[in-house]
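The values are calculated or read from the model by the stated rules, or taken from the named source; none is laboratory data. What you see is a predicted model; the values in this text were computed from it and never measured. Glycine also receives a Cβ, built like all others from the backbone with ideal geometry; neighbour counts cover every protein chain displayed.
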Amino acid sequence: MAALTTTTGAPHAAILGVGAYRPVRLVPNSDVVDAIDSSDEWIQQRSGIKTRRWAGPEESVQMMSVAASRLAIERAGLEPGQIDCVVVATVSHLLQTPAVATAIAHELGTDAAAFDISAACSGFCHGVALASDIVRAGSARYVLVVGVERLTDILDLTDRGTAFIFADGAGAAVVGASDTPGIGPVVWGSDGEQFDLIRQREDWRDVVGTPDAPGSGVMPHLTMQGNPVFRWASFAMAKIGQQALDAAGITLDELDVFVPHQANMRIIDAMARSMKLPSTVKIARDVADQGNTSAASVPLALDRMIAEGDAKSGDTALLIAFGAGLSYAAQVVTVP
Ligand code: UT7
């Protein structure tokens, strides 16, 4: 048997820069309540959402991703041509093939390896885990991880369970080599028994149908059984957050920033309580005016905390995301 040559990469990886793109249109609760027989008061009480951002016709998955990525690359002190791998986490790029990652790489000006991953709301944290391993294995030097969603394309605006929650946007991070560990071990997993809790109602065959049994002809919209997901997220995810801290050897006293998936303010509060986070830990609360942007929510929230001075360079941050699948991923990172 011939011996193969293999690669070894950097001893450690870190996030070198973060960027975000938020759609221009801000949509208050008053604009969504009529179609779902709801109220501003109910939405704020149950989810903490006051407004959300919905993309306009020009704000495509690709456009938002490129805008967020340019900022992340610039803040990492790099040129787009230096990016040699692009990982895009999304569930709302509406072509099953090819991946939107190749178009994003091309528009940025790199012929990097480029592919999409599908892990719904936890996609960005999955992407950061992959990027860290890719850099440490030597398969690429600089990996761009994008979390992007244009969920309004797959939202049924008359569905009481989803129309007020989901939103659009993009966040990006560049991962590269570091002298010290900047990305802790990932703690990730899934619970496929709960596959149906958040899913598209139909697949494309149901939409198209057959000559004998015509399909619905309607876009396969996103559906969610919110309450069981709420209970799972509020209790099970705090344990995963603690495991990610333990895996990185970080105590609660050493934690500066908590960036959970921005699904619902009550889940964020329940997790913080259950993890007994000290009052000194700064908590991301971007959901209040951005809504739930699935794969984009963690990088959007982190970018905002950096911009507003709540997360400072060198701070230790816990990222955790969870959603359809059900799937989840968490890791501790150093803020760039
Ligand atoms: O991002 C991926 C992961 N997703 C999540 O983590 C989301 C998790 N789930 C949630 O955030 C919450 O479950 C929601 C905010 C979606 C819903 O809040 P809830 O406290 O779980 O409400 P519920 O579904 O238990 O409904 C409570 C009541 C029901 O009425 P009754 O039976 O108590 O009379 C519903 O019919 O509220 C009613 N309701 C509504 N009322 C006004 C349900 N949806 C609405 C609505 N407006 N949109």
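Numbers for the structure displayed
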| quantity | calculated |
| --- | --- |
| Test result for Ala307, free of Cβ contacts under 8 Å to residues at least 60 places away in the same chain and away from the ligand (no atom under 16 Å from the Cβ) | yes |
| Any hit, the range 321-330, residues being among the hydrophobic types (A, V, I, L, M, F, W, C), touching a residue at least 40 places away in the same chain (Cβ under 8 Å), in a strand (DSSP E or B) and more than 12 Å from the ligand (Cβ to nearest atom) | yes |
| Those helices (runs of 4 or more DSSP H) lying entirely in the range 29-129 with at least 3 residues assigned by TED's automatic domain parsing to the domain that holds Leu157, within 27 Å of Ile306 (Cα to Cα) and over 16 Å from the mean Cα position of the chain (by Cα) | 61-75, 100-108 |
| Some residue of the range 135-144 being more than 18 Å from the chain's Cα centre (by Cα), hydroxyl-bearing (Ser, Thr, Tyr), closer than 30 Å to Met63 by Cα and assigned to a strand (DSSP E or B) | no |
| Residue in the range 128-143 that is closer than 24 Å to Pro11 by Cα, more than 16 Å from the ligand (Cβ to nearest atom), at pLDDT 95 or above and of a type in the set (S, T, N, Q) present | yes |
| Residue ID - surrounded by the most Cβ atoms within 10 Å (Cβ to Cβ), chosen from residues in the range 251-271 that are closer than 22 Å to Gly314 by Cα and more than 19 Å from the chain's Cα centre (by Cα) | Leu255 |
| The range 206-234, subset more than 30 Å from the chain's Cα centre (by Cα) and assigned to a strand (DSSP E or B), residue farthest from Ala120 (Cα to Cα) | Pro214 |
| Residue check, Gly169 part of a strand (DSSP E or B) and either over 21 Å from Asn292 (Cα atoms) or among the small types (Gly, Ala, Ser) (or both) | yes |
| In the range 235-270, residue farthest from Val128 (Cα to Cα) [restricted to those that are within 16 Å of the ligand (Cβ to nearest atom) and part of a loop (DSSP other than H, G, I, E, B)] | Asn264 |
| Filtered residues of the range 154-170 (kept if within 11 Å of the ligand (Cβ to nearest atom) and of a type in the set (D, E, K, R)) | Asp159, Arg160 |
| Single match in Asp168, Asp191, Asp159, Asp179 (criterion: farther than 26 Å from Arg46 by Cα and not hydrophobic (A, V, I, L, M, F, W, C)) | Asp179 |
| In the range 18-68, residue farthest from Val88 (Cα to Cα) [restricted to those that are more than 16 Å from the ligand (Cβ to nearest atom) and small (Gly, Ala, Ser)] | Gly56 |
